[in-house]
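These notes are about the structure you will find just below.
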Amino acid sequence: MVTDEVVLRFFQNELPISGLLPTKENRVKMDEALQEYAEEEDLFPANNKYAQVFNIDLSVMNIENYYPWKTAWFFRRGFTQKPLEQISKPLTVRMFAESAKAGRWLYD
C-alpha cells in the first residue's frame, strides 16, 4: 500500500541532501517546494524512477507549470523582506504521494 511516508522516504533517498551541512534535518519534507530543494536536473531522474516504482504515467505532467523557479540569493533577506514572486506552481512530495495513491498524476 502506498502511504505518504513511503513516497516521502523515496524522495529523501533519491534526491541529494541540500544545504551547507548535509544532515538528515536538511532532507526534503512533505510540503516543501521541491524546486527550492533540488535543481531541475536532480529532480528529473527521481521523477523517472518514481514513475517506474509507483507505476504512474508522468507524461501527462506538464513540467513547464513548475519551472522555471526563482530562488532567493543568500543575502536577499538583509536587503528586503518582500517575498519572491513565483511564476511557476510549487511541486511538492505531497502531490506525488496523492498521485501514487490515486494511481495517476492528479495535478496541472
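A short reminder: the numbers here are calculations on the coordinates, not readings from a lab. Being a predicted model, the structure only gives us computed values, none of them experimental. Here the Cβ is made from the backbone with ideal geometry for all residues, glycine too, and neighbour counts use every protein chain on show.
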>> Straight-line reach only, C-alpha to C-alpha below 25 angstrom: list the lysines that Lys49 could link to, leaving out same-chain residues fewer than 8 apart.
In response: Lys24, Lys29, Lys89, Lys101
> Between Glu85 and Gln52, what FRET efficiency comes out of the Förster formula 1/(1 + (r/R0)^6) with R0 = 35 Å and r the beta carbon distance, rounded to 0.05?
Replying inline: 0.50
